[in-house]
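Shown next, in structure tokens, is the structure this report addresses.
The values are calculated or read from the model by the stated rules, or taken from the named source; none is laboratory data. What you see is a predicted model; the values in this text were computed from it and never measured. Cβ atoms come from the backbone with ideal geometry, glycine included; neighbour counts cover every protein chain shown. Areas reflect the complete protein model, heavy atoms only, side chains present, ligands, DNA and RNA absent. Shrake-Rupley method; radii C 1.70, N 1.55, O 1.52, S 1.80 Å.
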Amino acid sequence: MRLSTRLIHAGFDGDPATGAVTVPIYQVSTYRQEAVGRHKGYEYSRTGNPTRAALEALIADLEGGSRGLAFASGMAALTTLLLLFQAGDHLILGDDVYGGTFRLQDKVFRRFGLEATYVDTRRPEHVAAAIQPNTRALLVETPTNPLLKITDLRAMADIARQHGLLLIVDNTFMTPYWQRPLELGADIVWHSATKYLGGHSDLVAGVVVVRDPALGERLAFLQNAAGAVPGPQDCYLLIRGIKTLAVRMKEHEANARRIAQWLARHPRVRRVYYPGLPDHPGHEVHKRQAGGFGGMISFDVGSGELADQVVRRVRLFTLAESLGAVESLIEIPARMTHAAIPPERRQALGVTDGLIRLSVGIEDVEDLIADLDQALAG
Ligand SMILES: *Cc1c(COP(=O)(O)O)cnc(C)c1O
């Protein structure tokens, strides 16, 4: 079956007790045992819960893996992934990964002896050069945030395979609707499900999918041991969100393409970052590994003053962090999502004061363009 069908049907085939068509919210912590150790597959909801199990089966199916695991947030998912490693192990991370990913390694796991090197993963030769005898994994994100830099996932998978490393991909921006890293050779894919998978700015969650069943077992052990699991209400909401992923992602992209093309012609816009523009660096690589370009756009208006004017004047775009929901959001990375990065480093990465990031929603695109037009005027 094709993905749009699996979005609706995978992971759940009606409630065995009642025939309920959607998965019930099993708001329960523990389960009656007929005799010691004799039960229906559930003992305690940190270990397993039927609503969560439906979500985990669904996401495993969508990403094409053997096992899915759900977590209380994207960062809870990554925390549990990093528990696979031990003191003295070394990781290679993209130099432009999500800020929270950098922070978790640099400020937390480094204290426990996990080492890391940060490299520009657009350059496979830089990645290969960073490998040490104790390197265990390669963590990448494509496209990145906020400059939509593209990494060649097949090239990363080749390097990982040659050196016996795990390739771990943050697929938050694309979702399995547009990009399935496991099919390109990755070992583990993870998401902030808070973003496009949830899609309605109404929950915080994370998911992980793995290809190898033995690795899935190890992660299920760690998920239960560390316990950073989502509650059944959020699992239910996330399943509900995922059902419309196909229709949402198509609309996000159609709107984003139009807006990116319009911005590229606007006299006050210096530069537009959108993987769907033919002159975007990495456009061809992205086209080979993904089915679409997504709904995130960044653009540079040349000054912090003008960026400030735009976010003050917009009426339809909401000034907020986060991304990937049905409503359009706008933000200034240098002062919001990326404010914790030192100014020199921000400049070096290209995150200028005049850079604006849009998470394009699924409103009518003419209304969105009219809003940006009046905000950029004057
Ligand atoms: C938001 C985000 C995360 C973190 O996920 P949370 O659900 O906020 O914990 C990780 N990666 C990317 C790309 C994100 O956008």
So which residues in region 90-100 are more than 9 Å from the ligand (Cβ to nearest atom) and either crowded, with 19+ Cβ neighbours inside 10 Å or within 19 Å of the chain's Cα centre (by Cα) (or both)? 91, 92, 93, 94, 95, 96
From 65, 41, which residue is at positive phi and either among the hydrophobic types (A, V, I, L, M, F, W, C) or in the same structural domain as residue 232 (by TED's automatic domain parsing) (or both)? 41
Among the residues of region 203-216 satisfying the criterion of being surrounded by fewer than 24 Cβ atoms within 10 Å (Cβ to Cβ) and away from the ligand (no atom under 13 Å from the Cβ), which is nearest to residue 68 (Cα to Cα)? 216
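So that you can scan it fast, the table gives a plain yes or no per residue for (1) among the aromatic types (Phe, Trp, Tyr); (2) surrounded by fewer than 23 Cβ atoms within 10 Å (Cβ to Cβ):
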{"site": "272", "(1), (2)": "no, yes"}
{"site": "283", "(1), (2)": "no, yes"}
{"site": "289", "(1), (2)": "no, yes"}
{"site": "296", "(1), (2)": "no, no"}
{"site": "299", "(1), (2)": "yes, no"}
{"site": "305", "(1), (2)": "no, yes"}
{"site": "313", "(1), (2)": "no, yes"}
{"site": "316", "(1), (2)": "no, yes"}
Looking at (1) open to solvent by less than 10 Å² (accessible area, probe 1.4 Å); (2) away from the ligand (no atom under 16 Å from the Cβ); (3) β-branched (Val, Ile, Thr); (4) within 19 Å of residue 286 (Cα to Cα), which one does residue 159 not meet, given that it meets all the others? (1)
Taking first residues from region 83-106 that are assigned to a strand (DSSP E or B) and β-branched (Val, Ile, Thr) and second residues anywhere that are open to solvent by less than 30 Å² (accessible area, probe 1.4 Å) and within 15 Å of the ligand (Cβ to nearest atom), the pairs with Cβ under 9 Å that are 6 or more apart or on different chains are 92/121; 92/139; 92/140
Return only the number of the condition from (1) open to solvent by 20 Å² or more (accessible area, probe 1.4 Å); (2) within 16 Å of the ligand (Cβ to nearest atom); (3) among the charged types (D, E, K, R) that residue 63 does not satisfy. (1)
Considering only residues that are part of a helix (DSSP H, G or I), more than 21 Å from residue 350 (Cα to Cα) and in contact (Cβ under 8 Å) with a residue 12 or more places away in the chain, which ones fall in region 109-126? 109, 112
Output the residues belonging to region 318-339 that are farther than 19 Å from residue 198 by Cα and either within 16 Å of the ligand (Cβ to nearest atom) or of a type in the set (Phe, Trp, Tyr) (or both). 331, 333, 336, 337, 338, 339
Quick one: is residue 327 surrounded by fewer than 19 Cβ atoms within 10 Å (Cβ to Cβ) and not assigned by TED's automatic domain parsing to the domain that holds residue 199? yes
Quick one: in region 69-83, which of the residues that are away from the ligand (no atom under 12 Å from the Cβ) and more than 18 Å from residue 141 (Cβ to Cβ) is least open to solvent (accessible area, probe 1.4 Å)? 69
Filter region 238-265 down to the residues that are open to solvent by 30 Å² or more (accessible area, probe 1.4 Å) and not charged (D, E, K, R), then identify the one that is farthest from residue 369 (Cα to Cα). 244
Residue list for region 336-365, restricted to those being assigned to a strand (DSSP E or B) and among the hydroxyl-bearing types (Ser, Thr, Tyr): 359
